[in-house]
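**Student:** Structure below; questions to follow.
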Amino acid sequence: MAEARITAIGMAVPETKITNRYFEKIVDTTEEWIVSRTGIQERYHARPDEYSSDLAVRAVEDMIRRYGVSVKDVDLVIVSTVTPDQPMPSVACRLQYRLDMGPAGAFDLYAACAGMMYGINLAKGVIAAGSHRKVLVVASETLSKVTDFTDRTSCVLFGDGAGAMLIEAAEKGNVGFGITGSDGSGGADLYISGYADFIDGQPVTHNRKIVQNGRKVFKWAVNTMSEMFEKLLAQNDLKKEELSWFVPHSANLRILEAICAETGFPLDRTLESLVNYGNTSSASIPLAICQALDQSRIKSGDTLLLLGFGGGLTYSGTLIRWM
Ligand code: UT7
C-alpha cells in the first residue's frame, strides 16, 4: 500500500494590507481591543476583481518556485474554500485549467476552517487506496467578500489568503493517522447567511455575510481541540514531549493560549498566522507553516500536529513529519 508524503508547500495573500486602525474609522472599535481580544495586528483583503481562484493559482506558483516541483501530472485537485468564485465551475477546475494540468479529477471541498485538514486526510486516503498518486490540496479564501463590515464583532477578524500542498505516493510517507469530525448541532453558531430563507426556523437575509456567535465557538473550540490534541498524539503513538510544533487553526490567540493551558503544551512551540494575516479560515494552517519555514523555525524531521476547526461545526487534524 502506497504511503502519503507531503513534498511541497506554498502560500499567497493579496497585496492590500488592512491595519486595525482602518476598523476604528468604520465601526465602534479600537486597535487596543482587537489586539488584546484576538492577537490580530493586520490582514490582507482581495481587490473586488480578485477571487479565491486567483489566490489559489498564486499559492501553487509559490509552491512551484520554492520546491521546483511540477503540477502537470497531478491526478487529483482538491480545493478547500467557503468563498468559491461561483458555485460552478469549482475553483479546483479553474486551477486545473489555469495551471495547464492534465485531466486530473478536480472538486471543491466545503469544511470551513477545517477544510485544509479534511483535504490532507482525504489525499492520504485516496493514495492508500491506490486510485491517485499525486494530489494537489489547496485552501483558498476571500472572506472579505462575505464579511459584514457593519458588525464589529466579526469584521475585524477575517483576512484573505491561500495555501497549497503537494501530496504524493511514496514508499515512506510523512502523514500520520488523522481525524475528521463534525458537530452539526452548532451550525447556527457560525454560518454564511443568504443561501436559505430560514436556518433553524430563524429568517435570514439574502445578503451573503458571515454570522458568528463568537463566545460559543470559542468555548467549543477550546474544549474540543484540547481533546483532539490528546487523541491525535495517542493515535500516532507520540508523547507530548516528542512533538516539535502544534499548528492549530489560527482564529484567536486567546484560543491558542487556552488550548495550550488545557493540554500543557508550550505556547512558544505553537505556530500561528493570525497576527499578520487575521483569521484566513482553511488557509491559516499552511500560512502558519510557510511563515515558520521562512523564519527557519521548522527543521527537517520535526513533528507537527495540525488541527483545524470551524463552521459546520467541523474539525480535522493529523500528525506530519516535516520533509
Ligand atoms: O474561524 C472559525 C472559528 N471562529 C472562532 O474560533 C472565533 C471564536 N471567537 C472569538 O474569537 C471571540 O469570541 C471574538 C473575537 C469573536 C469575540 O471576543 P470575546 O472576548 O469573546 O468578546 P465577546 O463577544 O464576549 O464581547 C465582549 C465585549 C462585548 O461588549 P459588552 O457586551 O461586554 O458591552 C462586545 O460587544 O466586547 C464587545 N466587542 C467589541 N468591542 C470593541 C465585540 N467586538 C468588539 C470590537 N471592538 N471589535
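**Student:** So, of the residues in the range 107-144 that are buried (at least 18 other Cβ atoms within 10 Å of the Cβ) and basic (Lys, Arg), which turns out to be farthest from Thr180 (Cα to Cα)? Spell out how you get there, then give the answer.
**Tutor:** Initial filter on the range 107-144 (buried (at least 18 other Cβ atoms within 10 Å of the Cβ)): 108-109, 111-124, 126-127, 132, 134-144.
When the remaining residues are screened for being basic (Lys, Arg), the result is 124, 134.
Working: Lys124: 13, Lys134: 21 Å.
Within the range 107-144, the match that is farthest from Thr180 (Cα to Cα) is Lys134.
**Student:** Here's something else I'd like to know. If you check Ala234 against the conditions, is it small (Gly, Ala, Ser), surrounded by fewer than 14 Cβ atoms within 10 Å (Cβ to Cβ) and away from the ligand (no atom under 15 Å from the Cβ)?
**Tutor:** On the way: small (Gly, Ala, Ser): yes; surrounded by fewer than 14 Cβ atoms within 10 Å (Cβ to Cβ): yes; away from the ligand (no atom under 15 Å from the Cβ): yes.
So Ala234 fits the description; yes.
**Student:** Could I ask something else about it? Out of the residues in the range 158-204 meeting the condition of being among the aromatic types (Phe, Trp, Tyr) and either in contact (Cβ under 8 Å) with a residue 12 or more places away in the chain or in contact with a helix residue (DSSP H, G or I) (Cβ under 7 Å, 6 or more places away or on another chain) (or both), tell me which one is nearest to the ligand (Cβ to nearest atom). Even if it seems obvious, please write down each step before you answer.
**Tutor:** Here is the first cut: in the range 158-204, the ones among the aromatic types (Phe, Trp, Tyr) are 158, 177, 191, 195, 198.
So of that shortlist, the ones also either in contact (Cβ under 8 Å) with a residue 12 or more places away in the chain or in contact with a helix residue (DSSP H, G or I) (Cβ under 7 Å, 6 or more places away or on another chain) (or both) come out as 158, 177, 191, 195.
Values: Phe158: 8, Phe177: 24, Tyr191: 11, Tyr195: 18 Å.
Among those residues, the one meeting the criterion is Phe158.
**Student:** Looking only at the range 305-321, which residues are of a type in the set (A, V, I, L, M), in a strand (DSSP E or B) and touching a helix residue (DSSP H, G or I) at 6+ places or on another chain (Cβ under 7 Å)? Let's see the steps before the verdict.
**Tutor:** Quick first cut of the range 305-321, residues of a type in the set (A, V, I, L, M) only: 305-307, 313, 319-320.
Restricting the remaining residues to those that are in a strand (DSSP E or B) gives 305-307, 319-320.
Those that are of a type in the set (A, V, I, L, M), in a strand (DSSP E or B) and touching a helix residue (DSSP H, G or I) at 6+ places or on another chain (Cβ under 7 Å): Leu305, Leu306, Leu307, Leu319.
**Student:** Okay, next question. Just checking, does the range 149-157 include any residue being within 16 Å of the ligand (Cβ to nearest atom) and either touching a strand residue (DSSP E or B) at 6+ places or on another chain (Cβ under 7 Å) or at positive phi (or both)?
**Tutor:** Yes, the range 149-157 contains a residue that is within 16 Å of the ligand (Cβ to nearest atom) and either touching a strand residue (DSSP E or B) at 6+ places or on another chain (Cβ under 7 Å) or at positive phi (or both).
**Student:** Scan Ser80, Ser90, Ser70, Ser52 and give me the residue that is within 16 Å of the ligand (Cβ to nearest atom) and polar (S, T, N, Q). Step through it out loud before you land on a result.
**Tutor:** Values: Ser90 fails: within 16 Å of the ligand (Cβ to nearest atom); Ser70 fails: within 16 Å of the ligand (Cβ to nearest atom); Ser52 fails: within 16 Å of the ligand (Cβ to nearest atom).
Being within 16 Å of the ligand (Cβ to nearest atom) and polar (S, T, N, Q) holds for just one of Ser80, Ser90, Ser70, Ser52, which is Ser80.
**Student:** Being over 17 Å from Asp62 (Cβ atoms) and in contact with a helix residue (DSSP H, G or I) (Cβ under 6 Å, 6 or more places away or on another chain) is the filter here; which residues of the range 115-141 pass it?
**Tutor:** Going through the range 115-141, the residues over 17 Å from Asp62 (Cβ atoms) turn out to be 115, 117-135.
The answer is Gly115, His132, Val135.
**Student:** With the requirement that a residue be within 16 Å of the ligand (Cβ to nearest atom) and more than 14 Å from the chain's Cα centre (by Cα), what does the range 112-144 give you? Steps first, answer last, please.
**Tutor:** Just the residues of the range 112-144 that are within 16 Å of the ligand (Cβ to nearest atom), to begin with: 112-118, 139-144.
Answer for the range 112-144, where residues must be within 16 Å of the ligand (Cβ to nearest atom) and more than 14 Å from the chain's Cα centre (by Cα): just Ser144.
Matching residues to (1) in contact with a His (Cβ under 9 Å, 6 or more places away or on another chain); (2) within 22 Å of Leu313 (Cα to Cα):
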site: Leu238; (1), (2): no, no
site: Trp245; (1), (2): no, no
site: Pro248; (1), (2): no, yes
site: Asn252; (1), (2): no, yes
site: Ser284; (1), (2): yes, yes
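**Student:** What's the total number of residues in the range 291-320 that are more than 16 Å from Met225 (Cα to Cα) and surrounded by 23 or more Cβ atoms within 10 Å (Cβ to Cβ)? Steps first, answer last, please.
**Tutor:** Applying the first criterion (more than 16 Å from Met225 (Cα to Cα)) to the range 291-320 yields 291-303, 320.
Of the ones still in play, those that are also surrounded by 23 or more Cβ atoms within 10 Å (Cβ to Cβ) are 320.
Residues that pass the stated criteria total 1.
**Student:** Would you check which residues across the range 1-24 are under 12 Å from Ala46 (Cβ atoms) and among the aliphatic types (A, V, I, L, M) and list them?
**Tutor:** Ala12, Val13, Ile18
**Student:** What tally of residues in the range 176-195 results from selecting those that are closer than 16 Å to Gly115 by Cα and of a type outside the set (S, T, N, Q)?
**Tutor:** Of the residues in the range 176-195, 9 are closer than 16 Å to Gly115 by Cα and of a type outside the set (S, T, N, Q).
**Student:** In the list Val82, Val69, which residue meets the criterion of being crowded, with 17+ Cβ neighbours inside 10 Å, more than 28 Å from Ala251 (Cα to Cα) and touching a residue at least 12 places away in the same chain (Cβ under 8 Å)?
**Tutor:** Being crowded, with 17+ Cβ neighbours inside 10 Å, more than 28 Å from Ala251 (Cα to Cα) and touching a residue at least 12 places away in the same chain (Cβ under 8 Å) holds for just one of Val82, Val69, which is Val69.
Since every read-out is calculated from the coordinates, none of them should be taken as a lab result. Owing to the predicted nature of the structure, the values given are computational and were not obtained by experimental measurement. Note that each Cβ is placed from the backbone with ideal geometry, even for glycine, and that neighbours are counted across all protein chains shown.
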